[in-house]
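Comments concern the structure below.
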Amino acid sequence: MTPILLRPMAAADADAVAALHAASWRSAYRGVFTDAYLDQEADTERRQAWRDRLQSSAAGADWGLVAEGEAGRLLGFAYVMPAHDPVWGDYVDALHVAPDFKGGGVGRRLMQGVAQGLQRSGSDRSLYLWVLDANTAARAFYERLGAEVTDLQLSEPLAGQQHPVWRCVWRSPAILASHA
């Protein structure tokens, strides 16, 4: 088993995070997002999005974690927007794991790290994220971590289209923080 180190995401991680994000989308969303987007646009679009995001988040409350393996290889990442919604609480805007490391505990460690980080910051709000309806494996993963899957809505545009998404909520992130 590869040792996993969690550390804060930094602006210098933008390109590696973007590459993993695009690879994750190509693996999970072939047939959901267009092939043209996945094969020709995702890398460039994600690189610009993550450069912009990590440059601006340096001064804000948003933060992320990266999971590194041997030789500093990026295995996954999570990005959080604390106090994002007055009803639903803290928002996990992104959680992605390298396709060849899915099922190896990286996503679980990242979600625990997110919950623990929010607890350390004094948050007692619920935690939520959106998962595409087509991504049944991710939805099952979140349910195994104790998420309550609630309302189905249409997403903001992703890859140029709206998609059906489910809200996954942890009403008590303390349970997620200690979830084995």
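Read the figures in this text as sums done on the coordinates, not as results from a lab. These figures come from a predicted structure and were not determined experimentally. Using ideal geometry, Cβ is built from the backbone for each residue, glycine included, and neighbour counts are taken over all protein chains shown.
Structural remarks
- Among (1) out of contact with any Leu (no Cβ under 9 Å at 6 or more places or on another chain); (2) more than 29 Å from G69 (Cβ to Cβ) - the single one N135 does not satisfy: (2)
- Look at the range 149-168: where a residue is under 14 Å from N135 (Cα atoms) and a partner is among the charged types (D, E, K, R) and assigned to a loop (DSSP other than H, G, I, E, B), sitting 6+ places away or on another chain with Cβ atoms under 8 Å, you get L152/D133; H163/D133; P164/D133; V165/D133; W166/D133.
- Qualifying residue in the range 150-173 (condition: part of a helix (DSSP H, G or I) and in contact with a helix residue (DSSP H, G or I) (Cβ under 8 Å, 6 or more places away or on another chain)): yes
- Contact map, the range 113-141: residues that are in a helix (DSSP H, G or I) paired with residues that are of a type in the set (D, E, K, R) and surrounded by 16 or more Cβ atoms within 10 Å (Cβ to Cβ), Cβ distance under 7 Å, separation 6+ or inter-chain. Pairs shown: L118/D90.
- Of all residues in the range 153-168 being surrounded by fewer than 19 Cβ atoms within 10 Å (Cβ to Cβ) and among the hydrophobic types (A, V, I, L, M, F, W, C), the one that is nearest to the chain's Cα centre (by Cα): L158
- Residues satisfying the stated conditions in the range 64-111, i.e. among the aromatic types (F, W, Y) and crowded, with 17+ Cβ neighbours inside 10 Å: F77, Y79, Y91, F101
- Evaluation of F77 against the conditions (1) touching a Phe, Trp or Tyr at 6+ places or on another chain (Cβ under 9 Å); (2) part of a strand (DSSP E or B); (3) not hydroxyl-bearing (S, T, Y) shows that the sole unmet condition is (1).
- Of the residues making up the range 139-149, none is touching a strand residue (DSSP E or B) at 6+ places or on another chain (Cβ under 8 Å), more than 18 Å from M81 (Cβ to Cβ) and hydroxyl-bearing (S, T, Y).
- The residues on offer are H96, H84, and the sole one that is in a strand (DSSP E or B), free of Cβ contacts under 8 Å to residues at least 12 places away in the same chain and not small (G, A, S) is H84.
- Consider the range 33-63 and keep the residues that are of a type in the set (G, A, S) and assigned to a helix (DSSP H, G or I). The one that is surrounded by the most Cβ atoms within 10 Å (Cβ to Cβ) is A42.
- Residue in the range 16-32 that is free of Cβ contacts under 8 Å to residues at least 60 places away in the same chain, outside any helix (DSSP H, G or I), basic (K, R) and more than 23 Å from W166 (Cα to Cα) present: no
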